[in-house]
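The structure appears below as structure tokens.
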Amino acid sequence: SSAPSSSSSSSSSYPPPSPPLPSTTTEALFRLAAPAEALSGDGETAEWFNVLLRRLWRLYYRRLESHLARCLRPLLNEKKLNLSAALASAGLPSWISIQLRLIQVQVGHEPPALESIRRRHSRLDRDLDLDLHLRYHGGLAIRILATVAIGPVKMRIPLEARDLDIDLRLWTRVRLAATAPFVSTVRLCFPVAPTIRFQLAVPQARDE
């Protein structure tokens, strides 16, 4: 005679029960940072990260060009000694020398892209292991002036490395800490050798 109670049925169907919390801190942090597709399979595309990187790239790419130029100049000075040793070991006379001088570095407006991101299983709760697939095919151009001296005769040859294409996989291990800045170490590893392609040519003269 009494009306059926609907409180038990409605409470069991709405709202839906919350999923159980992950057992470890690392798992919890990762599940909050990425959807479930990133935990298995080929990973997620992380387009949100590429959008953020493009915004930051437009702000800081000029500073990046200056930093790369400061890093490459001492390397070219060291290569000068290596080239002299290589020419001597090849049996060429000592009055033939090659000098390289950095002229300009341009990284272009297109930043690297994160093709996919996937979590790797770690044995420690405080380790966050990620498998990153990165691709760069921007407008990087490095202009170098090569001076070839044959006795008293010197020839200056401008060279340009352009159309740089880098395809790589990067394993990243972030070890978390209990105190600020909450990251103790970051380790990077290439599981396979990265693929690097570029063109080295003499710049074409511009028509005036």
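The values are calculated or read from the model by the stated rules, or taken from the named source; none is laboratory data. Here the structure is a predicted model, which is why all the values come from computation and not from measurement. For neighbour counting, all protein chains shown are included, and Cβ atoms are generated from backbone atoms with ideal geometry for every residue, glycine included.
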Within the range 130-153, can one find any residue that is surrounded by 12 or more Cβ atoms within 10 Å (Cβ to Cβ), touching a Gly at 6+ places or on another chain (Cβ under 9 Å), free of Cβ contacts under 8 Å to residues at least 40 places away in the same chain and part of a strand (DSSP E or B)?
yes
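I'd like to know if the range 116-126 contains one or more residues that are within 28 Å of Glu65 (Cα to Cα), surrounded by 15 or more Cβ atoms within 10 Å (Cβ to Cβ) and under 13 Å from the mean Cα position of the chain (by Cα).
Going through the range 116-126, the residues within 28 Å of Glu65 (Cα to Cα) turn out to be 116-117.
The next check asks that each one be surrounded by 15 or more Cβ atoms within 10 Å (Cβ to Cβ); those that pass are 116-117.
If we keep only those that are under 13 Å from the mean Cα position of the chain (by Cα) too, we end up with 116-117.
For the range 116-126, residues within 28 Å of Glu65 (Cα to Cα), surrounded by 15 or more Cβ atoms within 10 Å (Cβ to Cβ) and under 13 Å from the mean Cα position of the chain (by Cα): present.
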Residue that is at pLDDT below 60, over 23 Å from Ile196 (Cα atoms) and not aliphatic (A, V, I, L, M), where the choices are Tyr60, Tyr14:
Tyr14
Considering the range 154-181 alone, what residues qualify as being of a type in the set (D, E, K, R) and free of Cβ contacts under 8 Å to residues at least 40 places away in the same chain?
Lys154, Arg156, Arg162, Asp163, Asp165, Asp167, Arg169
Is it true that Ala177 is over 25 Å from Leu102 (Cα atoms), at pLDDT 90 or above, among the small types (Gly, Ala, Ser) and surrounded by 11 or more Cβ atoms within 10 Å (Cβ to Cβ)?
yes
Does the range 116-130 contain at least one residue that is modelled with pLDDT under 90, under 20 Å from Leu200 (Cβ atoms) and not aromatic (Phe, Trp, Tyr)?
no
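Being farther than 30 Å from Leu76 by Cα, free of Cβ contacts under 8 Å to residues at least 40 places away in the same chain and among the β-branched types (Val, Ile, Thr): is that true of Thr195 here?
On the way: farther than 30 Å from Leu76 by Cα: no; free of Cβ contacts under 8 Å to residues at least 40 places away in the same chain: yes; among the β-branched types (Val, Ile, Thr): yes.
It is false that Thr195 is farther than 30 Å from Leu76 by Cα, free of Cβ contacts under 8 Å to residues at least 40 places away in the same chain and among the β-branched types (Val, Ile, Thr).
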